[in-house]
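Notes follow the structure.
The values are calculated or read from the model by the stated rules, or taken from the named source; none is laboratory data. These numbers come from a predicted model, not from an experiment. All Cβ positions, glycine included, derive from the backbone under ideal geometry; neighbour counts span all protein chains shown. Keep in mind that these areas ignore ligands, DNA and RNA; they rest on the heavy atoms of the full protein, side chains included. Shrake-Rupley method; radii C 1.70, N 1.55, O 1.52, S 1.80 Å.
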Amino acid sequence: SKYKNVKLEMENVHLALEEDDLYSGYNDYNPTFDSEELENDVGFQQAVRTNHGRRPPVRNTHFYFSPCVRPISESDGAARPMTAVRAAGYTSSLTRGSTFDPLGQSRGPAPPLEAKSEETAEEKIKILEMKVNDLIEESCMAHSIGALQLALEKAKEAGRKERALVRQREQSGSGEHINLDLTYSVLLNLANQYANNEMYPEALNSYQVIVKNKMFSNAGRLKVNMANIYFKQKNYPKAIKFYRMALDQISNTHKELRIKIMQNIGVVFVRMGQYSDAITSFEHIMSESANIKTGFNLILCYYAIGDRERMKKAFLKLISVRLGIDDEDKYIPSNVGHNMVIEAIKNDKLHQMERDLKALAEKYIMTAAKLIAPAIETSFAAGFDWCVDMVKSSQYVELANDLEINKAITYLRQKDFKQAVETLKTFEKKDSRVKSAAATNLSFLYFLEKDFDQADRYADLAMNADRYNPAALINKGNTVFIKQDYEKAAEFYKEALRNDSSCTEALYNLGLTYKKLNRLEEALDCFLKLHAILRNCAQVMYQLAHLHELLEDPQQAIEWLMQVISVTPTDPQVLAKLGELHDAEGDKSQAFQYYYESFRYFPSNIDVIEWLGAYYIETQFCEKAIQYFERATLIQPTQVKWQLMVASCYRRSGNYQKALETYKDIHRKFPVNIECLRFLVRLCTDMGLKEVQEYATKLKKVEKMKEIREQRVKSGREGSARGRKEDSSHSGSSTKGERLSAKMRSLPASSEPYEASSPKELDASYVDPLGPQTDRPKTGAKKRIEDDDFADEELGDDLLPE
């Protein structure tokens with residue numbers, strides 16, 4: 001039976017044919033499945049780059065390539081054992097008789113896109129809403145860059161679009177789904193833009209539309225905006241009414257907003273002069289939520305009503321306000337790993353805001369102290385001392401020294417220089433920063449008083465206390481400049497600029513120093529840089545004009561002076577300088593125009609008067625020249641040449657009788673004036689008068705006195721020359737004595753009247769009126785403006801102290 005069973009089993013076993021080997025083909029290599037060579041297959045890469053090649057693969061289809069998988073033969077049928085590739089999505093039916101097409105190109109092109117159906121009403125509404133929102137954003141952005149008109153136009157357009165949106169909703173039957181938030185945004189933005197463009201009636205109407213609409217929640221807050229508009233229109237009663245209406249509609253939970261509205265109410269009461277009502281508002285704020293601005297306003301109100309005790313209490317409240325600023329210790333690194341964090345937050349927006357808030361608080365405290373100091377005590381000094389003591393015991397202890405310095409500056413404004421100096425001297429033993437500031441002010445004071453030694457001493461003290469103080473370096477440079485050590489002064493000014501590149505005083509003084517050193521190009525460079533910083537500074541533009549004149553560029557100098565005139569159109573010295581430059585260029589008409597304008601603004605400039613008189617004589621209008629020479633006579637009554645010019649003008653105009661009277665009047669004032677006697681002799685002779693012999697006798701006598709005087713001067717000069725040749729042991733004393741005797745001999749005797757003008761002075765501005773008509777005074781301006789002579793107090797070459 002055993003063998004029988006084996007036999008039965010063998011009957012159920014079918015042997016495969018020799019040609020149909022189940023394991024054949026596993027080692028065959030088919031290049032179609034080689035994925036590594038696809039990069040070098042030109043046809044495949046070209047297919048990938050085409051539109052069809054970029055089509056996405058069939059979903060859930062993954063291609064795996066394996067060279068060790070053989071093709072399935074037909075004899076396998078469905079009873080083929082499962083292989084490892086079936087899990088990847090392959091089946092025998094897919095591969096049998098099919099070609100390799102991983103990109104699906106055999107399917108043909110993709111079907112065309114379906115045409116978009118017409119937009120529905122709801123879609124149109126959504127698109128319109130998006131347009132309205134975009135217009136609101138564009139309006140706000142335009143306002144942020146200052147384009148107020150464009151912002152208003154965008155706001156109006158948003159309003160039109162929003163109304164069209166509402167109509168479209170009503171037509172589509174969805175009127176109950178109106179977007180109230182969008183309507184509110186459009187109306188509010190439109191009202192704000194009207195207010196920004198100062199179209200206040202339109203803005204109020206737009207706000208009123210929002211406020212009266214009961215569908216808008218919290219619209220009552222907009223009454224604050226309406227009150228602000230009434231405030232700008234100076235309609236203060238109505239502003240207070242709307243502020244109070246807004247206050248009534250804001251709950252106590254919004255405490256900060258209520259405080260701000262009450263602060264506005266207090267400010268309006270101040271504008272109306274109702275200080276008691278303003279004090280009520282400010283006191284309530286200080287008790288609920290104290291802040292710096294309200295504390296300062298409260299002090300102003302108490303100052304206005306003159307309540308000393310309340311001023312003190314309000315000042316104490318002001319310096320006790322907490323700013324909410326953390327301690328500066330957090331900006332000090334505690335360990336090495338903290339350094340990067342500290343550097344990141346050291347100058348961030350939050351720290352800048354803290355610094356600005358602290359600076360504002362210090363400004364209000366300083367201003368309040370300077371305001372109430374004279375009012376809270378019997379004297380200004382006692383009041384300031386009280387404020388300093390209170391500040392020292394507060395959180396602003398570092399302000400105490402600044403208040404002391406302000407006390408000294410206030411003494412300066414009151415012209416009490418002694419008290420100012422004494423106050424500043426108390427800082428000599430304080431810390432370096434305060435000591436440097438006090439010493440700088442002391443140096444400035446002594447410099448103004450022309451006590452240059454003391455100014456130099458305190459400038460050194462200020463520099464030693466703080467070498468990086470640009471003001472101290474400037475004052476030191478000024479003291480060296482006065483000693484004419486210009487090179488050293490330039491070094492101090494340069495050091496001040498290195499410490500503070502925006503220090504305009506140092507740059508101005510450096511330009512003046514270079515001008516003194518005749519380094520004109522460098523001076524010009526300094527003033528051009530300064531002009532870029534101070535665009536409308538008349539002093540800088542004048543210096544640029546003067547430098548161009550020194551560089552022999554008169555046209556450029558005239559252009560700069562024209563800019564000076566545009567800033568200070570009534571400066572007589574600049575107008576006279578323009579006249580001089582035009583006269584040098586040969587443009588007499590323009591020169592006359594500027595000289596005449598200069599005379600109009602300052603009729604006491606003797607050089608301008610002389611030029612105008614000479615101009616009228618040259619243009620044959622002697623009658624007009626008389627008024628100018630008469631004014632010169634009033635300005636310089638001891639100068640005979642102006643009176644002689646008046647007489648000459650009368651003679652040239654043919655008024656000989658008036659000329660004779662003028663010469664007689666001159667003779668009474670100056671009886672030894674030779675020129676006057678000569679003119680009297682000539683006129684009396686021509687007119688046939690009897691006084692001719694009298695004047696001729698006087699003329700001979702005066703001429704003889706003049707000869708004797710000249711001989712004395714000549715002999716004195718010869719004697720001094722002989723004295724210089726004597727032995728060196730006696731030369732000092734003898735020369736000095738002879739020089740003194742020569743000077744004494746050159747003076748007129750005690751019995752002789754003093755001759756007011758010498759012939760040399762007359763030759764410079766006057767000729768014989770009886771000579772030919774061409775011998776007239778020169779028309780060129782007599783004024784010769786030197787480096788320091790032209791500018792007055794406003795436009796001088798003065799150093800700028802710090």
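Along the charge dipole of region 122-281, Cβ charges K/R +1 and D/E -1, which of THR280, ALA246, LEU135 sits furthest on the positive end?
THR280
Roughly how many debye, to the nearest 20, is the charge dipole of region 122-281 about its Cα centre, given +1 on each Lys and Arg Cβ, -1 on each Asp and Glu Cβ, and no other charges?
It works out to roughly 640 debye.
Local charge sum around ARG258 (other residues, Cβ-Cβ under 12 Å, Lys/Arg +1, Asp/Glu -1)?
Numbers: positive: ARG221, ARG244, LYS255, LYS260; negative: ASP248, GLU256, GLU288.
Here the count lands on +1.
For region 360-509, what is the relative contact order in percent, using Cα pairs closer than 8 Å and at least 6 residues apart in sequence?
12
So how much accessible area does ARG310 have, in Å² to the nearest 10, using a 1.4 Å probe?
Probe radius 1.4 Å; accessible area of ARG310 about 110 Å².
Compute the accessible area per residue over region 122-281, keeping the other protein chains in place, probe 1.4 Å, unit Å².
56
Counting alpha carbon pairs within less than 8 Å and at least 6 residues apart, what relative contact order, in whole percent, applies to region 576-642?
So the answer I get is 22 percent.
Applying the Karplus parametrisation 6.51 cos²θ - 1.76 cosθ + 1.60 with θ = phi - 60° to the phi angles of region 549-554, what ³J(HN,Hα) value in whole Hz is obtained for each residue in order, glycine and proline being reported as x?
For region 549-554, the Karplus-derived couplings read 5, 5, 7, 6, 10, x Hz, x marking Gly and Pro.
Hey, any idea what % of region 122-281's accessible area is carbon plus sulfur with a 1.4 Å probe?
Working: 4500 of 9010 Å².
Using a 1.4 Å probe with all protein chains present, region 122-281 comes out at 50 percent carbon and sulfur.
Excluding GLN249 itself, calculate the net charge of residues whose Cβ lies under 12 Å from the Cβ of GLN249, where each Lys or Arg counts +1 and each Asp or Glu counts -1.
Values: positive: ARG221, LYS223, ARG244, ARG258; negative: ASP248.
Value of the local net charge: +3.
Classify region 122-281: rounded, prolate or oblate, from the alpha-carbon gyration tensor (a ≥ b ≥ c, eigenvalue square roots; a/c under 1.5 rounded; otherwise prolate if a/b is larger than b/c)?
Working: a/c = 2.87, a/b = 1.91, b/c = 1.51.
Cα axes put region 122-281 in the prolate bin.
In a shell of Cβ-Cβ distance under 14 Å around ARG668, excluding ARG668 itself, what net charge do Lys and Arg (+1) and Asp and Glu (-1) give?
Cβ neighbours under 14 Å give a net charge of -1.
Which whole-number percentage describes the relative contact order of region 122-281, with Cα contacts under 8 Å and a sequence gap of 6 or more?
Working: 163 pairs, mean separation 21.6, N = 160.
Once divided by the residue count of region 122-281, the mean separation gives 14 percent.
Please work out how much accessible surface LEU150 shows to a 1.4 Å probe, ignoring ligands, DNA and RNA, in Å² rounded to 10.
For LEU150, the solvent-accessible surface is approximately 80 Å².
Compute, for LEU534, the solvent-accessible surface of its heavy atoms (probe 1.4 Å) with the complete set of protein chains present, and express it in square angstrom to the nearest 10.
60
Along the charge dipole of region 122-281, pointing to its positive end and built from +1/-1 on Cβ of Lys, Arg, Asp and Glu, which listed residue (ILE259, PRO237, LEU182) has its Cα farthest out?
Farthest along the dipole direction, towards plus: PRO237.
Report, in debye and to the nearest 20, how large the dipole of region 173-266 comes out about its Cα centre when Lys and Arg carry +1 and Asp and Glu carry -1 on their Cβ.
Values: 12 positive and 6 negative charges, 104 e Å.
Charge dipole of region 173-266: 500 debye, to the nearest 20.
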